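Report on the following structure.
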Amino acid sequence: MTSLASLPATLADPAPATSPRGSQGPAFTPSRPRVPFVRGTVGYLKPADARPVIHLYDTGPEVPRENFEHDLREVPIVDARLAPAPPRIHHEGFELWDAPSRLHDFHDEEALKAVYYPECVELACLVTGASRGFVFDHLLRQREEGRPPPLTFGRSGAGSAAAALGRVHNDYSEDSGRRRLHLVLDDPEAAAAVRRYSIVNIWRSIGGVVRDTPLAVCDATSVNVGDLVAAELRYPRRVGEIYLSRHAPGHRWAYFSEMDTHEALVFKQFDSQASGTSRFTPHAAFDLPHIPSDAPLRRSIEVRCLVVYD
């Protein structure tokens, strides 16, 4: 991964377009070079004794949405496009692939499941080396109007669409990752026959080039199991479990600058193999510094896929 030593935090926006021949000539704009890293703010978990609980619905004034405090940290986030060697799914925990989709309307639920789900299964198996896969969930997100700080857990609880999620988290814990196999493969014999499986997240922009609120991923090799804290996600009719993360100075963060719709970020959220591979890849959205005033709000889709290694 690109060294963080002696690198500028950011570059200024390019100068306004100019023309050497006044109004008669074409307008030229200086090229925007890629910056080795930026500084972004992500929301860690502030240490506490109580088990973290997050309500993903409107709880009313009597019950707090969350029973813990956040530890907002500004961290260096390298542009993984500039890394000397590309990251690997079974090492750092993530890979970027050029993977155009045949789907154009990601709000069409029927087409999404008929076209995009099979594409994601194919991609997930190709990236991980698994033999078969099962998409079991997807979520559309959009950055809020005005990009209000700070980024939250991504839901208002009032029926609004999911927003960008700025809290450092991993979609599955040890327990919920193991439970997910039996939810996806509801045949007990089929589930018992699985020797190894992974859960991966496939993240894609569906609103053009991302210039405001990209997704950052934490190098799995820099995360210790002691950094991760199991947290309850309480829905109206069920309870899930994810990992939140305490801050650790050794965490190495990365993102891919200006991701476009033809690209897909594939990252590991759980692996049943206990050693020798990445298992958890914490992640969070963050606001880029110097967001252009005319940058469109980031819109994205994330798909969760369970893959089996036969």
Filter result (within 17 Å of Leu165 (Cα to Cα) and open to solvent by less than 20 Å² (accessible area, probe 1.4 Å)) within the range 38-47: Gly40, Val42, Gly43, Tyr44, Leu45
Give me the pairs, please: first residue somewhere in the range 52-67 and closer than 19 Å to Asn170 by Cβ and outside any strand (DSSP E or B), second residue anywhere and open to solvent by less than 70 Å² (accessible area, probe 1.4 Å) and among the aliphatic types (A, V, I, L, M), beta-carbon distance under 9 Å, and either six or more positions apart or on two chains. Pro52/Leu45; Pro52/Val229; Pro52/Ala230; Pro52/Ala231; Pro52/Leu244; Leu56/Leu233
Test for Gly146: is it on the phi > 0 side of the Ramachandran plot and either at pLDDT 95 or above or among the aliphatic types (A, V, I, L, M) (or both): no
Out of Arg147, Arg179, Arg141, Arg167, I need the residue that is without any contact (Cβ under 8 Å) to a residue 60 or more places away in the chain, open to solvent by 20 Å² or more (accessible area, probe 1.4 Å), over 18 Å from His90 (Cα atoms) and not aromatic (Phe, Trp, Tyr). Which one? Arg179
I need the full set of residues from the range 48-65 which are modelled with pLDDT under 90 and surrounded by fewer than 16 Cβ atoms within 10 Å (Cβ to Cβ), in order please. Tyr57, Asp58, Thr59, Gly60, Pro61, Glu62, Val63, Pro64
Exactly one of Gly226, Gly207 is assigned to a helix (DSSP H, G or I) and either among the small types (Gly, Ala, Ser) or open to solvent by less than 10 Å² (accessible area, probe 1.4 Å) (or both), and that residue is Gly226
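Do we have Arg179 as in a helix (DSSP H, G or I), under 28 Å from Asp227 (Cα atoms) and modelled with pLDDT of 95 or more here? Can you show your working first?
Details: in a helix (DSSP H, G or I): yes; under 28 Å from Asp227 (Cα atoms): yes; modelled with pLDDT of 95 or more: yes.
So Arg179 passes the test.
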How many of the residues in the range 69-113 are open to solvent by 90 Å² or more (accessible area, probe 1.4 Å), over 21 Å from Glu302 (Cα atoms) and either in contact with a Leu (Cβ under 6 Å, 6 or more places away or on another chain) or part of a loop (DSSP other than H, G, I, E, B) (or both)? 3
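From the list Asp137, Asp171, Asp187, exactly one residue is out of contact with any Phe, Trp or Tyr (no Cβ under 7 Å at 6 or more places or on another chain), farther than 27 Å from Ala99 by Cβ and of a type outside the set (A, V, I, L, M). Which is it?
Values: Asp137 fails: farther than 27 Å from Ala99 by Cβ; Asp171 fails: farther than 27 Å from Ala99 by Cβ.
That would be Asp187, the only listed residue that is out of contact with any Phe, Trp or Tyr (no Cβ under 7 Å at 6 or more places or on another chain), farther than 27 Å from Ala99 by Cβ and of a type outside the set (A, V, I, L, M).
The values are calculated or read from the model by the stated rules, or taken from the named source; none is laboratory data. Here the structure is a predicted model, which is why all the values come from computation and not from measurement. Backbone-built Cβ (ideal geometry, glycine too); neighbour counts: all protein chains shown. Heavy atoms of the whole protein, side chains included, go into the accessibility calculation; ligands, DNA and RNA do not. Shrake-Rupley method; radii C 1.70, N 1.55, O 1.52, S 1.80 Å.
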